[in-house]
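Take a look at the structure set out below.
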Amino acid sequence: MVNAENPPVIHLVTEHLPPYQIEAENKALAGFSVDVIKAAMKRSQYDYTLNSYSWGRSYKLAQIKANHCIFSIARTKSRENLFKWVGLIYYANNTSMWALKDRTIELKNLNDAKKYNVAVSRDDMTHIGLIERGFKENEHLYILDNTKSLVNLLLTRASIDLIVANDMTIKFHTDLAGVTIDDLQRVYEIKDLPLNLFFACSKQTDDNIIKHLSKNMQSLYQDGSYDTILKKWRDRLISPD
């Protein structure tokens with residue numbers, strides 16, 4: 001039970017992934033999802049910490065430690081019982097497989113991608129989603145611990161044929177690698193792997209905290225605050241042509 005006279009501190013963890021979460025050199029965090037979460041927490045009765053780590057570290061912390069919550073996390077079947085889900089942050093139904101522009105790769109369906117080596121980031125939506133769809137680690141999938149190196153793998157390892165990213169984050173990956181979207185080709189859109197981004201907490205977090213945070217998330221939608229934040233970031237959230 002939550003002690004109303006001495007409420008716990010909520011520890012928020014995330015990763016650097018523009019435009020949702022943007023970590024500046026001084027470790028300050030901005031971004032669309034950051035603004036949504038901060039607005040919800042401002043309405044709550046809880047103090048909180050906010051830290052950006054690697055996705056793998058944040059993902060683990062939000063599973064094993066009480067009062068630890070993670071964003072922006074896709075809600076997949078295999079994750080459903082790993083967390084307590086607070087609320088939806090953003091709905092973006094687009095995930096694609098990308099290759100270098102000079103590669104000849106044709107995919108008629110998702111299973112065709114099993115003929116190639118596909119790089120994904122460990123424990124993120126693309127990794128979990130492809131595992132759920134029959135892909136196997138070290139057979140079809142190359143698992144990457146450092147998300148920032150995703151496009152670099154295409155450039156530096158001939159054995160890596162494809163990477164998986166959504167249209168909003170692919171520019172972040174190409175910028176890190178010093179190339180542009182024009183250097184890549186979208187080979188296949190995975191239509192049944194939507195990027196529905198959520199706010200979630202560890203199973204060890206008290207249900208009353210989840211209900212309280214959920215109520216505050218909902219209030220952002222009800223009074224127009226969410227739309228105000230969305231308008232601020234809309235240009236950054238629109239998919240490239």
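The values are calculated or read from the model by the stated rules, or taken from the named source; none is laboratory data. On a predicted model such as this, the values are computed, not experimentally measured, just so you know. As a convention, Cβ positions derive from the backbone with ideal geometry for all residues, glycine included, and neighbour counts pool all protein chains shown.
Within region 31-50, residues that are farther than 22 Å from Arg236 by Cα sit with their Cβ atoms under 7 Å from residues that are among the polar types (S, T, N, Q), at 6+ positions apart or across chains, in these pairs: Arg43/Asn216; Arg43/Ser219; Ser44/Asn216. Filter region 173-186 down to the residues that are touching a residue at least 40 places away in the same chain (Cβ under 8 Å) and either β-branched (Val, Ile, Thr) or surrounded by fewer than 20 Cβ atoms within 10 Å (Cβ to Cβ) (or both) and list them by number. The answer is Ile181, Asp182, Asp183, Gln185, Arg186. In region 41-48, the count of residues that are among the hydrophobic types (A, V, I, L, M, F, W, C) and under 21 Å from Asn166 (Cα atoms) is zero. Scan region 164-181 and give yes if some residue there is closer than 19 Å to Asn109 by Cβ and out of contact with any Lys or Arg (no Cβ under 8 Å at 6 or more places or on another chain), otherwise no. Checked against the condition, which is being closer than 19 Å to Asn109 by Cβ and out of contact with any Lys or Arg (no Cβ under 8 Å at 6 or more places or on another chain), region 164-181 yields at least one hit. Might you check whether a residue that is under 16 Å from Met125 (Cα atoms) and either outside any helix (DSSP H, G or I) or not assigned by TED's automatic domain parsing to the domain that holds Gln45 (or both) occurs anywhere in region 206-221? No, because not a single residue in region 206-221 is under 16 Å from Met125 (Cα atoms) and either outside any helix (DSSP H, G or I) or not assigned by TED's automatic domain parsing to the domain that holds Gln45 (or both). State all residues of region 51-67 that are of a type in the set (Phe, Trp, Tyr) and either touching a Ser or Thr at 6+ places or on another chain (Cβ under 7 Å) or assigned by TED's automatic domain parsing to the domain that holds Asp145 (or both); if no residue qualifies, say none. The one that is of a type in the set (Phe, Trp, Tyr) and either touching a Ser or Thr at 6+ places or on another chain (Cβ under 7 Å) or assigned by TED's automatic domain parsing to the domain that holds Asp145 (or both): Trp55. Checked against the criterion of being at pLDDT 95 or above and touching an Asp or Glu at 6+ places or on another chain (Cβ under 9 Å), the candidates Asn81, Asn111, Asn117 yield just one match: Asn117. Note on region 68-172: enclosed strands (runs of 3 or more DSSP E) holding 2 or more residues that are in contact with a Ser or Thr (Cβ under 6 Å, 6 or more places away or on another chain) are 68-74, 83-92, 118-121. The residue list Glu189, Glu137 contains one member that is surrounded by fewer than 21 Cβ atoms within 10 Å (Cβ to Cβ) and under 24 Å from Ile70 (Cβ atoms), which is Glu137.
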